[in-house]
1. Somewhere in the range 76-90, is a residue modelled with pLDDT under 65, exposed (fewer than 10 other Cβ atoms within 10 Å of the Cβ), among the hydrophobic types (A, V, I, L, M, F, W, C) and in a loop (DSSP other than H, G, I, E, B)?
2. Looking at V34, V64, V17 in this structure, which one is surrounded by 10 or more Cβ atoms within 10 Å (Cβ to Cβ), out of contact with any Cys (no Cβ under 8 Å at 6 or more places or on another chain) and either of a type in the set (A, V, I, L, M, F, W, C) or modelled with pLDDT of 90 or more (or both)?
Amino acid sequence: MKPTPIDNENARQVPHVDYHYKSATLTGSSCCCVKRSNSLRDISRDYFDGEANRDFVGDTALFVTLLLSVVVPIVSGASAVLDLCRALPLF
């Protein structure tokens, strides 16, 4: 089926789209705070080299504390279920 042209003069026109648009780049910046990185891998490597090593011990201690605080109620609940099973009459 062929498209039919719009004959109505009051109809809205489709805006012209520039398909050859190119965004501006930051090459040749004179600002001293602009640091060029080649990839996301370089950015993450810089972060993990400087920041992650210092926080690792604190994060590990916090993780172990949270893990222990979760294990205690689970063991207590399992013990209560075993006591309940012992108290119920056998069929």
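The values are calculated or read from the model by the stated rules, or taken from the named source; none is laboratory data. On a predicted model such as this, the values are computed, not experimentally measured, just so you know. Heads up, the Cβs are rebuilt from the backbone with ideal geometry, glycines too, and the neighbour counts pull from every protein chain shown.
1. no
2. Working: V34 fails: surrounded by 10 or more Cβ atoms within 10 Å (Cβ to Cβ); V17 fails: surrounded by 10 or more Cβ atoms within 10 Å (Cβ to Cβ).
Of the residues listed, the single one that is surrounded by 10 or more Cβ atoms within 10 Å (Cβ to Cβ), out of contact with any Cys (no Cβ under 8 Å at 6 or more places or on another chain) and either of a type in the set (A, V, I, L, M, F, W, C) or modelled with pLDDT of 90 or more (or both) is V64.
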